[in-house]
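Participant: After the structure tokens below, expect a handful of questions from me.
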Amino acid sequence: MDSILQKLRNLDAYPKINDDFFSRTLSGGIITLASSLLILLLFFSELRLYLHTVTESKLLVDASRGETLHINFDVTFPAIRCSLLSLDTMDISGEQHFDIRHDIVKKRIDAHGNVIEAKKDGIGAPKIDNPLQRHGGRLEHNEKYCGSCFGAEMSDDDCCNSCDEVRDAYRKKGWALTNADMIDQCKREGFIQKIKDEDGEGCNIEGSLEDLLAFQTDSYNISHKINRLAFGDYFPGKLNPLDGVQWRQETPNGMYQYFIKVVPTLYTNIRGRTIRSNQYSVTEHFKSSELGHSQLLPGVFFFYDLSPIKVTLKEEHVPFLHFMTHICAIVGGIFTVAGLIDSFVYHGQRAMKKKMEIGKFG
């Protein structure tokens, strides 16, 4: 048994030195105090990193399709009246949706950006007796109203019963409605007067989806500021590169285009809550009607395409064993380096002391 214990003693990597052989110095005390403070500082730094989460990102092939893409936007046009702005969309199959009005709010603003009026998009057609029928006569008693589209009918059964429906019919044809004062529906709804009342105003439009077009092919200033454009819900760390972007038009007319690549993103926080959202990158291009594009419809256009790659972001804590490994490395490393420094200083002081003694007795 004694031999086994002796063998264990021989394995001791920390041999003990008698207290009589210790020599404590002022420089050693200063180095010990400095190293202890450094250990304490690095310990709290590692503890802060351990208590905070880190986000791990991965790239995956996105196999999901057919999900709804929710787009939030807030764009300001300082030189375009609200009555001349409409929201149209077209999907990848070419299906078009004109003058979208649900969840859209337009705000009339003055030259200083102050809000004059905010309301849900839509003009509405007041009920007026004896409106003009499609065949040219006035609406008679008990007769169904069917207003003329003024040549923009897609079929013989089409009716345009409001100024908005006439505008939509013209847009579908690709025509410019330059004679609104001759359209019976626009006259009886007071649309022309509304445009005149908004002279010199701008417009802020916010809601969902974005593809803004102007009303006529007259000269329009499509200067604009994108206050917010987001695809999907917010998650920590999400950046929208178009937020706060402002562009000022210098040429009379043109088409400003944003080409957006949307990247599906799945974010999972430390509690396991999952947020399905999107990030995006963007490039910009402006086409001026002065450069031979005379048929351009002035407006701001957002073209977006979904990336086949999905990004997954997951919040995680640093493992406890990693934390302890870092702490041990800090303590051991600093004590080792401090010991080397102390030894170098101590031997330097002894050598200098010997030289002084030799010089004194010499």
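Participant: Looking at (1) modelled with pLDDT of 80 or more; (2) outside any loop (DSSP other than H, G, I, E, B); (3) within 28 Å of the chain's Cα centre (by Cα), can you tell me which one Leu59 breaks?
Facilitator: (1)
Participant: Give the number of residues within segment 233-265 that are farther than 18 Å from Phe301 by Cβ and among the hydroxyl-bearing types (Ser, Thr, Tyr).
Facilitator: So the count comes out to 2.
Participant: So, one more: Any residue in segment 276-290 that's among the small types (Gly, Ala, Ser) and modelled with pLDDT under 90: show its pairings with residues that are assigned to a strand (DSSP E or B) and surrounded by 17 or more Cβ atoms within 10 Å (Cβ to Cβ) at Cβ separation under 6 Å, as long as the two are six or more apart or on different chains.
Facilitator: Once the first residue is among the small types (Gly, Ala, Ser) and modelled with pLDDT under 90 and sits in segment 276-290, its partners that are assigned to a strand (DSSP E or B) and surrounded by 17 or more Cβ atoms within 10 Å (Cβ to Cβ) give Ser288/Gly254; Ser289/Gly254.
Participant: State whether one or more residues within segment 79-97 are hydroxyl-bearing (Ser, Thr, Tyr), farther than 14 Å from Val300 by Cα and either modelled with pLDDT of 80 or more or surrounded by 18 or more Cβ atoms within 10 Å (Cβ to Cβ) (or both). Outline the logic, then answer.
Facilitator: Let us first name the residues in segment 79-97 that are hydroxyl-bearing (Ser, Thr, Tyr), namely 83, 86, 89, 93.
Narrowing further to those that are farther than 14 Å from Val300 by Cα: 83, 93.
Next, from what is left, pick out any that are either modelled with pLDDT of 80 or more or surrounded by 18 or more Cβ atoms within 10 Å (Cβ to Cβ) (or both): 83.
Within segment 79-97, one or more residues are hydroxyl-bearing (Ser, Thr, Tyr), farther than 14 Å from Val300 by Cα and either modelled with pLDDT of 80 or more or surrounded by 18 or more Cβ atoms within 10 Å (Cβ to Cβ) (or both).
Participant: Restricting segment 157-182 to residues that are at pLDDT below 80 and part of a loop (DSSP other than H, G, I, E, B), which is most open to solvent (accessible area, probe 1.4 Å)?
Facilitator: Selected residue: Asp157.
Participant: For Leu296, indicate whether it is modelled with pLDDT under 90, open to solvent by less than 40 Å² (accessible area, probe 1.4 Å) and either within 30 Å of Lys107 (Cα to Cα) or among the acidic types (Asp, Glu) (or both).
Facilitator: On the way: modelled with pLDDT under 90: yes; open to solvent by less than 40 Å² (accessible area, probe 1.4 Å): yes; either within 30 Å of Lys107 (Cα to Cα) or among the acidic types (Asp, Glu) (or both): yes.
Here the answer is yes, as Leu296 does meet what is asked.
Participant: If I filter segment 251-275 down to residues being in a loop (DSSP other than H, G, I, E, B) and within 26 Å of Asn221 (Cα to Cα), which single residue comes out as modelled with the lowest pLDDT?
Facilitator: Going residue by residue through segment 251-275, those that are in a loop (DSSP other than H, G, I, E, B) are 251-253, 269-273.
With within 26 Å of Asn221 (Cα to Cα) added as a condition, the list becomes 251-253.
Working: Thr251: 72, Pro252: 66, Asn253: 72.
Here the residue is Pro252.
Participant: Here's a follow-up. In segment 196-210, is there at least one residue being open to solvent by less than 20 Å² (accessible area, probe 1.4 Å), modelled with pLDDT under 75 and closer than 30 Å to Leu69 by Cβ?
Facilitator: yes
Participant: Now a separate question. Any idea which of (1) closer than 27 Å to Thr325 by Cα; (2) of a type outside the set (A, V, I, L, M); (3) exposed (fewer than 11 other Cβ atoms within 10 Å of the Cβ); (4) modelled with pLDDT under 85 is the one Ser23 doesn't satisfy?
Facilitator: The number of the failed condition is (1).
The values are calculated or read from the model by the stated rules, or taken from the named source; none is laboratory data. Only a predicted model underlies this, so the values are computations on that prediction, with no experimental measurement involved. All Cβ positions, even for glycine, are placed from backbone atoms using ideal geometry, and neighbour counts span all protein chains on display. Calculation scope for accessible area: heavy atoms of the full protein, side chains included, ligands and nucleic acids excluded. Shrake-Rupley method; radii C 1.70, N 1.55, O 1.52, S 1.80 Å.
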